[in-house]
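Everything on this sheet refers to the single structure shown next.
The values are calculated or read from the model by the stated rules, or taken from the named source; none is laboratory data. Bear in mind the structure is a predicted one, so any value in this text is a computation, not a measurement. Glycine gets a Cβ as well: all are built from the backbone with ideal geometry, and neighbour counts include every protein chain shown. Accessible surface areas use protein heavy atoms only, side chains included; no ligands, DNA or RNA. Shrake-Rupley method; radii C 1.70, N 1.55, O 1.52, S 1.80 Å.
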Amino acid sequence: MNVALEHAAVLPTYARLDVTFVEGDGAWLVDDDGRRYLDLLGGIAVVGLGHRHPAPLAAAHAQLDRLWHVSNLFWTEPMEQLAGLLSARFGGASAFFCNSGAESVEAALKWARKTTGRVEVVALEGSFHGRTLGALSVTGQPGKRAAFEPLLPGVRFATPATLAEHVGPETAAILLEPVQGEGGVHPLAVETLAEARALADAHGALLVLDEVQTGVGRCGEFFAWQRLGVRPDAVTLAKGLANGLPIGALLVADSAPTGFEPGDHASTFGGNPVASAAACAVVDAIDDVLLARVRALSDQLAAGLSPFGEVRGLGLLLALELDRPAGPLVADALSRGLVVGTAGERVLRLTPPLTLTDDEADLALELLAEVLG
Ligand SMILES: *Cc1c(COP(=O)(O)O)cnc(C)c1O
């Protein structure tokens, strides 16, 4: 292998592991030496249905053969259909489509400002909302922000305990991840989310949930907020929405102000027909049977991991808190043919395909026991 060293023409923003993957099938990956790996990372909570799942594969293929792009000066069928499917899942919402999680957060920030005429955003310490300057401004991790300041003004970072101190008449939006993903897989307490809803209502602010990682079935319901029982005014989606094709979306509840008018926001590729066609197939595939399966698999994996440390998460966004750095364990797992991730220094993160079989889950736990033992 050692291919990574030869990729000198790529800017060094990532510390990549030394493997080049060339093929994927379900929960399995194949590298350029023909070696197979069980994938419990799923491209970081992206490949929810497994690699090359037949439904989005067929939908994307069919759309590739019809129409790739016309711009948002016109309507296209897959985009309209996807908006309808997401609205139905939400219980009434309108979509803005873009191409990534950070872009969906940028759209949410502009929407909140335009809608309320206010500037302040309250986010949580330890949160992650993306790497573009706006999304980074609401990301509560000093280490990711320091080199890029000054960032957007008017952002206040709270803890669940201090939320009420930070929300007031200047607050445009409270922005929360139902489960903090990149920040270490910390599920938000139901009470915190309920308090955020009450604070937003009391101060005329908007409650925006960043479901870029938790949405599209990952947490055992289509949206994580459906498990937590609190309805937001808007949600952001991205990672799992098109099973690996680039897409992002801001969904604004029908009960919330529309805010945006023509000319307020745009994205050349947003609502791309091929990505949207794949996303429609993904949304269709996330039915009650699969969601129940996600919850059962979550229990199975959590039970298998619990002897090795504290297990956190919701659905198939799971983490194991370690007593040592996670990086070397990830490399060790990879050498044994298992792909897992991290979420901070001492946190192992599992975001497997929602379609993982019982046998695959057992094999993963066996391999992890070898690594952790
Ligand atoms: C991954 C992530 C983002 C950023 O998504 P990109 O597609 O990498 O821009 C934003 N919010 C959350 C909660 C995420 O997990």
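Within the stretch 263-275, identify whether any single residue is farther than 21 Å from residue 364 by Cβ, in contact with a helix residue (DSSP H, G or I) (Cβ under 9 Å, 6 or more places away or on another chain), crowded, with 24+ Cβ neighbours inside 10 Å and hydrophobic (A, V, I, L, M, F, W, C), and answer yes or no. Looking through the stretch 263-275, at least one residue is farther than 21 Å from residue 364 by Cβ, in contact with a helix residue (DSSP H, G or I) (Cβ under 9 Å, 6 or more places away or on another chain), crowded, with 24+ Cβ neighbours inside 10 Å and hydrophobic (A, V, I, L, M, F, W, C).
Quick one: would you say residue 73 is surrounded by fewer than 17 Cβ atoms within 10 Å (Cβ to Cβ), modelled with pLDDT of 95 or more, more than 24 Å from residue 245 (Cβ to Cβ) and away from the ligand (no atom under 12 Å from the Cβ)?
Values: surrounded by fewer than 17 Cβ atoms within 10 Å (Cβ to Cβ): yes; modelled with pLDDT of 95 or more: yes; more than 24 Å from residue 245 (Cβ to Cβ): no; away from the ligand (no atom under 12 Å from the Cβ): yes.
Answer is no for this residue.
When you scan the stretch 293-302, how many residues do you find that are touching a residue at least 12 places away in the same chain (Cβ under 8 Å) and either farther than 18 Å from residue 359 by Cα or open to solvent by 30 Å² or more (accessible area, probe 1.4 Å) (or both)?
Here is the first cut: in the stretch 293-302, the residues touching a residue at least 12 places away in the same chain (Cβ under 8 Å) are 293-295, 297-298, 300-302.
Subset that is either farther than 18 Å from residue 359 by Cα or open to solvent by 30 Å² or more (accessible area, probe 1.4 Å) (or both): 293, 295, 300.
The total comes to 3.
For first residues located in the stretch 7-34 and in contact (Cβ under 8 Å) with a residue 24 or more places away in the chain, partners that are open to solvent by less than 100 Å² (accessible area, probe 1.4 Å) and of a type in the set (Asp, Glu) and lie 6+ apart or on another chain with Cβ distances below 8 Å form the pairs 19/31; 24/39; 27/39; 27/360; 29/39. For the stretch 207-225, the condition holds for no residue, the condition being that it is surrounded by fewer than 18 Cβ atoms within 10 Å (Cβ to Cβ) and of a type outside the set (A, V, I, L, M, F, W, C). Among residues of the stretch 303-324 that are within 28 Å of residue 222 (Cα to Cα), those with a Cβ under 6 angstrom from a residue that is small (Gly, Ala, Ser) and assigned to a helix (DSSP H, G or I), sequence gap 6+ or separate chain, pair up as 311/302; 315/298; 316/298.
Could you go through the stretch 145-152 and let me know if any residue there is at pLDDT 95 or above, over 19 Å from residue 233 (Cα atoms), under 14 Å from the mean Cα position of the chain (by Cα) and open to solvent by less than 40 Å² (accessible area, probe 1.4 Å). Steps first, please.
Kept after step one, since they are at pLDDT 95 or above, are these residues of the stretch 145-152: 145-152.
Filter once more, keeping what is over 19 Å from residue 233 (Cα atoms): 145-152.
Okay, now just the ones that are also under 14 Å from the mean Cα position of the chain (by Cα), so none.
Taking every residue of the stretch 145-152 in turn, none turns out to be at pLDDT 95 or above, over 19 Å from residue 233 (Cα atoms), under 14 Å from the mean Cα position of the chain (by Cα) and open to solvent by less than 40 Å² (accessible area, probe 1.4 Å).
For the stretch 276-288, a residue qualifies if it is surrounded by fewer than 24 Cβ atoms within 10 Å (Cβ to Cβ), in contact (Cβ under 8 Å) with a residue 12 or more places away in the chain and of a type outside the set (A, V, I, L, M, F, W, C), and exactly one does: 284. When the stretch 238-253 is examined, which residues are found to be away from the ligand (no atom under 11 Å from the Cβ), touching a strand residue (DSSP E or B) at 6+ places or on another chain (Cβ under 7 Å) and open to solvent by less than 10 Å² (accessible area, probe 1.4 Å)? Listed by number, the residues that qualify are 249, 250, 251, 253. Can you list residue pairs whose Cβ atoms sit under 9 Å apart, with the first residue in the stretch 196-211 being more than 16 Å from the ligand (Cβ to nearest atom) and the second being polar (S, T, N, Q) and not in a helix (DSSP H, G or I)? Count only pairs 6 or more apart in sequence or on different chains. These pairs meet every condition: 199/171; 200/171; 203/171; 204/171; 205/171; 206/171. For residue 193, the stated conditions hold: it is open to solvent by less than 10 Å² (accessible area, probe 1.4 Å), away from the ligand (no atom under 12 Å from the Cβ), in a helix (DSSP H, G or I) and at negative phi.
Consider residue 18 carefully, then state whether it is in contact with a helix residue (DSSP H, G or I) (Cβ under 7 Å, 6 or more places away or on another chain), away from the ligand (no atom under 16 Å from the Cβ) and among the charged types (D, E, K, R). When the stated conditions are applied, residue 18 passes them.
Among 305, 320, which is the only one that is open to solvent by less than 10 Å² (accessible area, probe 1.4 Å) and either over 19 Å from the mean Cα position of the chain (by Cα) or at pLDDT below 95 (or both)? Explain how you work it out, then say what you get.
Working: 320 fails: either over 19 Å from the mean Cα position of the chain (by Cα) or at pLDDT below 95 (or both).
Every option except 305 fails the conditions.
Answer yes or no: is there a residue in the stretch 7-30 that is basic (Lys, Arg), modelled with pLDDT of 95 or more, surrounded by fewer than 23 Cβ atoms within 10 Å (Cβ to Cβ) and assigned to a loop (DSSP other than H, G, I, E, B). Checking the stretch 7-30: not a single residue is basic (Lys, Arg), modelled with pLDDT of 95 or more, surrounded by fewer than 23 Cβ atoms within 10 Å (Cβ to Cβ) and assigned to a loop (DSSP other than H, G, I, E, B). Of the strands (runs of 3 or more DSSP E) lying entirely inside the stretch 80-188, the ones with 1 or more residues being in contact (Cβ under 8 Å) with a residue 12 or more places away in the chain, within 16 Å of the ligand (Cβ to nearest atom) and aromatic (Phe, Trp, Tyr) are found at 93-98, 155-158. Consider the stretch 40-62 and keep the residues that are within 16 Å of the ligand (Cβ to nearest atom), in a loop (DSSP other than H, G, I, E, B) and of a type in the set (A, V, I, L, M). The one that is surrounded by the most Cβ atoms within 10 Å (Cβ to Cβ) is 47.
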